[in-house]
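The values are calculated or read from the model by the stated rules, or taken from the named source; none is laboratory data. What you see is a predicted model, and the numbers here were worked out from it, not measured in a lab. Using ideal geometry, Cβ is built from the backbone for each residue, glycine included, and neighbour counts are taken over all protein chains shown.
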Amino acid sequence: MNLVLRYTLALTVSAGYTEIMRGKQLRQGLLIGLLLLVAFWLLSFIWGLVLKARIAVNEAHNVQRQYQMLEERKTSLEANLAALETARGKDAAIRTAFGVARPGEEIIVVVPPSPATTTPPLSWWQKILGWFK
């Protein structure tokens, strides 16, 4: 009888122990799953920030290039304005824009010189035939 009682008691204790272990394992599994979900959410959040930072850096470079181009254009326009403020600059601008000339001026057409035509050297048989002409 003592043996039966011990066996029954051992089964009762081991059944309670396995239920406790199963409960702990379930809680640990849920906690690990929750932590994995949080880690995945954080990684996706960080990846989004990296992409936004990359876009911001690219836009900053584009704005810098546009600023430099505008500065170059500004200096070019200021130089054009300085040239137009002189009488000679106004005169040149009017001539180029409207194709006009002052009274008494004539058109000069510059013609490039014609290329010198060189005759190819005669071969020995052409020279001999030239003696008989």
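Numbers below:
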{"read-out": "Residue selected from the stretch 103-133 under the condition surrounded by 10 or more Cβ atoms within 10 Å (Cβ to Cβ) and hydrophobic (A, V, I, L, M, F, W, C), by the criterion nearest to the chain's Cα centre (by Cα)", "value": "L122"}
{"read-out": "Residue in the stretch 42-49 that is small (G, A, S), modelled with pLDDT under 80 and either exposed (fewer than 10 other Cβ atoms within 10 Å of the Cβ) or under 27 Å from the mean Cα position of the chain (by Cα) (or both) present", "value": "no"}
{"read-out": "Filtered residues of the stretch 85-102 (kept if at pLDDT below 85 and either part of a loop (DSSP other than H, G, I, E, B) or loosely packed, with under 10 Cβ neighbours inside 10 Å (or both))", "value": "T96, A97, F98, G99, V100, A101, R102"}
{"read-out": "Qualifying residue in the stretch 11-19 (condition: at pLDDT 95 or above, surrounded by 10 or more Cβ atoms within 10 Å (Cβ to Cβ), over 17 Å from the mean Cα position of the chain (by Cα) and of a type in the set (V, I, T))", "value": "no"}
{"read-out": "Count of residues meeting criterion [in contact with a Lys or Arg (Cβ under 9 Å, 6 or more places away or on another chain) and of a type outside the set (A, V, I, L, M)] in the stretch 62-94", "value": "1"}
